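Inspection log for the structure reproduced underneath, given as structure tokens.
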Amino acid sequence: MMQMKLFRLYEVDCESQTNVGNMAENFNRADYTWLEPEYVTDDAGNNVSTRQKMEARVVVGKPKDGLLADFAMTTNLFVSNATVTYGNDSLGIPVGGVKFSIDISGWPWKNESATNCLKFGVKLKIKSRFGNHIEDVPDRLRSGSNNGNLTKRRYVC
């Protein structure tokens with residue numbers, strides 16, 4: 001079982017991490033569209049992961065401002081060991097591992113010339129078939145494993 005809650009999508013100054021004021025008001029309550037799951041296979045035709053994508057248009061700032069951005073998140077749940085490429089890096093993903101990809105387009109940046117970033121919060125709770133679980137909350141970074149079968153990593157950029 002996996003539960004995930006999204007909250008707090010907002011714009012920050014990349015260096016100071018100070019909130020600059022642009023925030024997706026309806027991020028956790030957006031009307032998400034869930035696309036049909038896809039089964040990802042390797043070159044030999046073996047099932048590697050199940051991919052699920054959700055999409056929504058989110059309101060940035062106050063609804064009266066009429067500013068919108070498109071948000072999409074793709075989740076891969078791995079049913080076998082795999083290696084994925086992220087930029088120039090290769091990451092090993094174990095059986096039961098989860099990989100998220102987030103795409104945001106059309107964000108109305110507060111200051112086009114600034115080097116601002118987007119920051120978001122996610123709460124992830126995973127329960128294995130053995131009854132163990134891990135939980136993560138923003139602003140805390142924790143990695144762990146339960147009986148060697150469940151490992152979670154959180155990358156923040």
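The values are calculated or read from the model by the stated rules, or taken from the named source; none is laboratory data. A quick note: this is a predicted structure, and the numbers were derived from the prediction, not measured. Heads up, the Cβs are rebuilt from the backbone with ideal geometry, glycines too, and the neighbour counts pull from every protein chain shown. Each accessible area value is taken on the protein alone, full model and side chains, heavy atoms only, with ligands, DNA and RNA left out. Shrake-Rupley method; radii C 1.70, N 1.55, O 1.52, S 1.80 Å.
Taking region 92-157 and the strands (runs of 3 or more DSSP E) fully enclosed by it, the elements with 2 or more residues that are at pLDDT 85 or above are at 98-105, 116-127. Would you pick out the residues in region 15-61 that are assigned to a loop (DSSP other than H, G, I, E, B) and of a type in the set (Asp, Glu)? Once the filter is applied, which keeps residues that are assigned to a loop (DSSP other than H, G, I, E, B) and of a type in the set (Asp, Glu), region 15-61 yields Glu15, Glu25, Asp31, Glu36, Asp42, Asp43.
Got at least one residue in region 29-45 being closer than 18 Å to Glu11 by Cβ, over 19 Å from the mean Cα position of the chain (by Cα) and open to solvent by 40 Å² or more (accessible area, probe 1.4 Å)? I'd like the intermediate steps shown before the answer.
Keep residues of region 29-45 that are closer than 18 Å to Glu11 by Cβ, which gives 30.
Subsequent filtering for residues that are over 19 Å from the mean Cα position of the chain (by Cα) retains none.
Within region 29-45, not a single residue is closer than 18 Å to Glu11 by Cβ, over 19 Å from the mean Cα position of the chain (by Cα) and open to solvent by 40 Å² or more (accessible area, probe 1.4 Å).
Applying the criterion of being among the basic types (Lys, Arg) and under 18 Å from Ile104 (Cα atoms) to the residues of region 52-92, the residue that is nearest to the chain's Cα centre (by Cα) is Lys53.
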